[in-house]
Amino acid sequence: MSPSLFSHAAEEPQPSKVLEPITFEVTVPHPPEQAFEGFTDLIHLWWPVDSHSIFGDGAHVEFEETVLTETSDRDEVRNWGDILEWEPGRLLSLTWHPGAGPLSATRLEVRFTAEGQSTVVRLRHSDWDQAADGAERRLKYQQDWPSVLSKYARFMGAIR
């Protein structure tokens, strides 16, 4: 029996495109505990709020208990993410959604690994598929993380 002229070939399911994590690293001239403290407790001193924040100049970024927040100079507060793991000197993991809601959060993981007298700080940003605009956000962060991490590295005394 010949197939009908109006039948359609069964469509093969297309594999879903998984947006791969992006990874960046910097080396700072301090042991892991100090590198972690500089990244977390002192984030307000190095984070480039003028170019990478919701409120811009005059804003203050800080870890508060279980969240990372940004506070404007008018005391408006926005949650950037929720802390998932906090292991001083070793690992920081959090959801990441500055300027977006938690339903579209990606995941940020920062590992601190001793290398001689220094520490390699490796940032891994993943879970792009959580957001409808995941591919756009991934591209933006792929461009932005190197400059943000270089600000941290310079703050921590790394020579580039």
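The values are calculated or read from the model by the stated rules, or taken from the named source; none is laboratory data. Note that this is a predicted model, so its numbers are computed, not measured. Counting neighbours? That spans all protein chains shown, and the Cβs are built from the backbone with ideal geometry, glycine included. Side chains are part of the model used for accessible areas, which takes the heavy atoms of the whole protein and leaves out ligands, DNA and RNA. Shrake-Rupley method; radii C 1.70, N 1.55, O 1.52, S 1.80 Å.
Observations
- When Gly99 is tested against (1) of a type outside the set (Lys, Arg); (2) closer than 23 Å to Lys17 by Cα; (3) assigned to a loop (DSSP other than H, G, I, E, B), just one condition goes unmet, and that condition is (2).
- Filtered by the rule that a residue be of a type in the set (D, E, K, R) and under 22 Å from Gly56 (Cβ atoms), segment 66-106 gives Glu70, Asp73, Arg74, Asp75, Glu76, Arg78.
- Taken over segment 13-30, the residue count meeting the criterion of being in a strand (DSSP E or B) and open to solvent by 90 Å² or more (accessible area, probe 1.4 Å) is 1.
- Trp80 vs. criteria surrounded by 16 or more Cβ atoms within 10 Å (Cβ to Cβ) and either in contact (Cβ under 8 Å) with a residue 24 or more places away in the chain or in a strand (DSSP E or B) (or both): yes
- Subset of segment 134-160 that is within 24 Å of Ala100 (Cα to Cα) and of a type in the set (Lys, Arg) - its residue that is least open to solvent (accessible area, probe 1.4 Å): Arg137
- Subset of segment 112-127 (residues that are in a strand (DSSP E or B) and either of a type outside the set (D, E, K, R) or at pLDDT below 95 (or both)): Phe112, Thr113, Ala114, Ser118, Thr119, Val120, Val121, Leu123, His125, Ser126
- For segment 31-57, filtered to residues that are open to solvent by less than 50 Å² (accessible area, probe 1.4 Å) and in a loop (DSSP other than H, G, I, E, B), the residue that is nearest to Pro88 (Cα to Cα) is Trp47.
- Subset of segment 128-152 that is farther than 18 Å from Leu68 by Cα and either in contact with a Lys or Arg (Cβ under 7 Å, 6 or more places away or on another chain) or of a type in the set (Ser, Thr, Tyr) (or both) - its residue that is modelled with the lowest pLDDT: Ala131
- Yes/no for Val18 being at pLDDT below 95 and under 18 Å from the mean Cα position of the chain (by Cα): yes
- Residue list for segment 110-133, restricted to those being of a type in the set (A, V, I, L, M, F, W, C), open to solvent by 30 Å² or more (accessible area, probe 1.4 Å) and touching a Ser or Thr at 6+ places or on another chain (Cβ under 8 Å): Ala132
- Summed over segment 34-77, residues that are of a type in the set (D, E, K, R), without any contact (Cβ under 8 Å) to a residue 24 or more places away in the chain and within 15 Å of Pro98 (Cβ to Cβ) total 4.
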